[in-house]
Every structure is written in structure tokens, then in C-alpha cells.
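The values are calculated or read from the model by the stated rules, or taken from the named source; none is laboratory data. Everything quoted here is computed from the prediction, not taken from an experiment. Cβ atoms come from the backbone with ideal geometry, glycine included; neighbour counts cover every protein chain shown. Just the protein is used for accessible areas: all its heavy atoms, side chains included, with ligands, DNA and RNA removed. Shrake-Rupley method; radii C 1.70, N 1.55, O 1.52, S 1.80 Å.
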Amino acid sequence: GDIADAIAPVLGARLARVIVSLGFGGSCLCATFVVSLAAVWSICEATGHELSSLDEPPMRAPHFYGTFVAIIGAGILLQLARVGTVHLSLMVILSDGLLVPLAIGFVYLLASGDALPPEVRLRG
């Protein structure tokens, strides 16, 4: 690719490709953990379990770590089942589009309802 070609004169073509590949691989691993943890925190909050962090050992936060393992496992199963990533992405985008009006409605109800103090409540 272009990035490997740009650093090839300094490092050589093969080493440049290896370094760029390792960089992209590391970025993907980092993104996997970030997205999985965001999902875990959302699920824990939605189910009413105490929000934990990675600072807690698994024995003190079993629901947190169990949900994390389940989400990683679900991702592995999707990959092993050979679910098309394009099809999966389209289904996620479609579900997002269908759920956004619902989310906006709930935000409006929250902003205009009695859950907020009158001074910060939506007016007009």
C-alpha cells in the first residue's frame, strides 16, 4: 500500500510491509477491546448491574467479565459462521436507522418530563 511504499526507501520493502501490517493488526486489536468494553458497560448499565472496570478482579465483578467474555465469544462465533461482514454491517446500519427515532423520542421525553429539575428541563 501507499504507507508501506512511503517508508520502503528507509526500511526496505519487506520490513515496511511487515511494520505496517503489525500496526494495522494492533489497531484492530485495540478497536476490538474498545468496542467490546463499550458494549459491556452498556449492557451492565441497562441490566442494572453495578458498573465495574478492568481495575476490579473477576471475582468482584463476575457479571462484567462474563458479559465481556460472552461478547468476545459472539464475535468469534460470527467469524467462524462465515457471516458476511458487508451483510452484517448493512444489518447494523439498518437497525441503527430503525432505532434512532425511538432513542430521540426517549431523549425528548426525558428532557421534557419530570425526571429533570425544572431549571434544566426542556421549555417551549
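The peptide list 34-41, 115-122, put in order of mean Cβ contacts within 10 Å with the highest first, becomes 34-41, 115-122. Per residue, the accessible area of the stretch 47-89 comes to 77 Å² when a 1.4 Å probe rolls over the protein heavy atoms.
Just the ratio, please: alpha-carbon radius of gyration of the chain over 2.2 N^0.38 Å, N its number of residues.
Relative to the rule-of-thumb radius for its length, the chain sits at 1.57.
Multiplying the residue separation of residue 85 and residue 55 by 0.36 nm and removing their Cα-Cα distance gives an extension gain of 7.5 nm. Per atom type, the chain shows carbon and sulfur on 71% of its accessible surface, probed at 1.4 Å.
At a Förster distance of 41 Å, what's the computed FRET efficiency of residue 115 paired with residue 13, Cβ-Cβ distance as r, to 0.05? Rounded to the nearest 0.05, the efficiency is 0.10.
For the pair residue 108 and residue 38, a Förster radius of 41 Å applied to the C-beta separation gives a FRET efficiency near 0.95, rounded to the nearest 0.05. Annotation: Cα Rg of the stretch 60-124 relative to the compact-globule expectation 2.2 N^0.38 Å equals 1.76. Among the DSSP helices (H) of the chain, those spanning at least 24 angstrom by Cα along their long axis with an average Kyte-Doolittle hydropathy of -0.5 or more are 13-46, 62-80, 85-112; this is a geometric and hydropathy rule only. Taken along the Cα-to-beta-carbon direction at a fixed 7 Å, the label points for residue 31 and residue 99 span 1.9 nm. With every protein chain in place and a 1.4 angstrom probe, the accessible-area ranking of 33, 68, largest first, reads 33, 68. Each helix, a run of at least 4 DSSP H residues, gives -39500 (n - 2.57); summed and divided by the residues of the chain, these come to -25500 deg cm²/dmol at 222 nm.
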